[in-house]
Ligand SMILES: Nc1ncnc2c1ncn2[C@@H]1O[C@H](COP(=O)(O)OP(=O)(O)OP(=O)(O)O)[C@@H](O)[C@H]1O
Ligand SMILES: O=c1ccn([C@@H]2O[C@H](COP(=O)(O)O)[C@@H](O)[C@H]2O)c(=O)[nH]1
């Protein structure tokens, strides 16, 4: 019996750091293949997939490597890092027969299309995966905020934040072993408790536009498909 997805169109926010796998930097080949395999599973269910990818595996504007630099310059470097990840993701998708397009918020026409909302919508309707690179195109923002923004522009049904932890916790589970995972929580709770799993700007945007977020671990085999099928996986952040 075929399974019916709970969502027609999703915006997947992929952590850049998740691409490192167990490495300290960059893109781990088997990790990206594992992630692309999960994306393929949901495309095959007929779900339209837009992706915003982070850059933390290569460069962050607020990282120690950037300290002493002009913040806006460092942020432009961070945005370029996300384009590198977007190209790597597109390449890995092509190898398993997925058709993907990269649209960049910063113009770099030799390597990526510029972001054009209508064109991106058309690609999604055609069943192509659209990877949005360069975040919002503006310094002082993050790719979480870009994911919220593109998700709203694409009229997606839900934003899925695929990360290294399996949901939202009372505290950072990487630092506090006593942290407890929420099954669901509201945007106001997430903002009020200053939970650092996403930035507050992204939470506030999603709250104001009624775009729910599911936070889950991309390292759990089949997790993306379970989320899309509406099964119990990760943490739902809702209005
Ligand atoms: N309350 C919390 N619940 C869950 N995770 C939390 C919490 N507070 C902090 N974190 C941390 O937030 C991180 C979110 O990671 P993620 O890599 O997705 O961030 P990102 O900055 O969006 O990614 P990147 O810049 O690599 O694209 C997790 O690694 C987790 O350790
Ligand atoms: O809209 C945006 C998005 C990102 N940046 C810069 O890129 C890096 C990497 O993004 P992450 O969200 O941390 O993965 C970020 O640290 C910023 O320096 C940006 O300036 N604007």
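The values are calculated or read from the model by the stated rules, or taken from the named source; none is laboratory data. Treat the numbers as computed from the prediction; the structure is a model and nothing was measured. Counting neighbours? That spans all protein chains shown, and the Cβs are built from the backbone with ideal geometry, glycine included.
Figures for the structure shown
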| quantity | calculated |
| --- | --- |
| So residue 222, is it touching a helix residue (DSSP H, G or I) at 6+ places or on another chain (Cβ under 9 Å) and over 25 Å from residue 103 (Cα atoms) | yes |
| Subset of segment 113-141 (residues that are outside any strand (DSSP E or B) and buried (at least 24 other Cβ atoms within 10 Å of the Cβ)) | 134, 135 |
| Any hit, segment 98-107, residues being touching a residue at least 60 places away in the same chain (Cβ under 8 Å), closer than 14 Å to residue 53 by Cα and either within 16 Å of ligand 2 (Cβ to nearest atom) or out of contact with any helix residue (DSSP H, G or I) (no Cβ under 9 Å at 6 or more places or on another chain) (or both) | no |
| Residue among 58, 99, 35, 27 that is within 29 Å of residue 6 (Cβ to Cβ), surrounded by 13 or more Cβ atoms within 10 Å (Cβ to Cβ), at pLDDT 95 or above and within 16 Å of ligand 1 (Cβ to nearest atom) | 35 |
| Enumeration of residues in segment 153-173 that are within 16 Å of ligand 2 (Cβ to nearest atom), closer than 20 Å to residue 56 by Cβ and either without any contact (Cβ under 8 Å) to a residue 12 or more places away in the chain or not in a loop (DSSP other than H, G, I, E, B) (or both) | 159, 160, 161, 162, 163 |
| Among the residues listed as 150, 181, the single one being within 16 Å of ligand 2 (Cβ to nearest atom) and either surrounded by fewer than 17 Cβ atoms within 10 Å (Cβ to Cβ) or touching a residue at least 60 places away in the same chain (Cβ under 8 Å) (or both) | 150 |
